[in-house]
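*Asks:* First the structure, then my questions, so here it is.
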Amino acid sequence: MRLLLDAHVSGRAIGRRLREAGHDVLALGDEQRFDALADPEVLALAAREERVLVTFNVKDFPGLLRDWADEGRDHAGCILMAGMDHSQFGAILRALDAALQQRPEQGDWHNLAVFVSRAAG
């Protein structure tokens, strides 16, 4: 799966484990050239690169995704992480793994936004 990790999703801890699981991961926090990207630019980058966006920003992205839908703009998918601290790497990885197993094909995520929370285990 092609994924884009928003700036607050650890590229070192989360990105590395996702890569080890076979995913193609771009982590904004790992590359200085992405430091100043605003939320609309993050979603546009994910759409351009056909990557599912993974973010903790449940305050701003749902509205932005609604705006895109209203405008007829396509995106490659969005996973909104809710109810977890950024440092809960195990819980984050379990929740992402569960979401990605439910929709294992890149095309399954086209224009889809999914809220995920702490997975059992």
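*Asks:* As a test of understanding, state the convex hull volume per residue of the chain from its alpha carbons, in Å³.
*Replies:* Roughly 96 Å³ of hull volume per residue.
*Asks:* Given Cβ point charges of +1 (Lys, Arg) and -1 (Asp, Glu) and nothing else, what value in debye, to the nearest 20, does the dipole of the chain about its Cα centre take? Write down the numbers at each step before the final one.
*Replies:* On the way: 14 positive and 19 negative charges, 93 e Å.
Magnitude of the dipole: close to 440 debye.
*Asks:* For the stretch 102-116, just list the computed ³J(HN,Hα) in residue order, Karplus coefficients 6.51, -1.76 and 1.60, θ = phi - 60°, integers in Hz, with x standing in for Gly and Pro.
*Replies:* 5, 10, x, 9, 3, x, 4, 9, 3, 6, 9, 10, 10, 8, 10
*Asks:* Determine the distance separating the Cα centre of the stretch 74-121 from the Cα centre of the stretch 1-64; give it in Å without decimals.
*Replies:* The two parts, judged by their Cα centres, are 12 Å apart.
*Asks:* How far apart, in nm, are two points set 7 Å out from the Cα along the Cα-to-Cβ line at residue 106 and at residue 82?
*Replies:* Going by the 7 Å Cα→Cβ label model, 2.9 nm.
*Asks:* Would you pull out the residues with amide H under 5 Å of residue 24's amide H, same chain only if 5 or more places away, H placed 1.01 Å from N?
*Replies:* Correct list: 2, 3.
Every read-out reported here was derived from the displayed coordinates using simple, explicitly stated rules and does not represent laboratory data. Since the structure is predicted, the reported quantities are computational estimates derived from the model, not experimental observations. For neighbour counting, all protein chains shown are included, and Cβ atoms are generated from backbone atoms with ideal geometry for every residue, glycine included.
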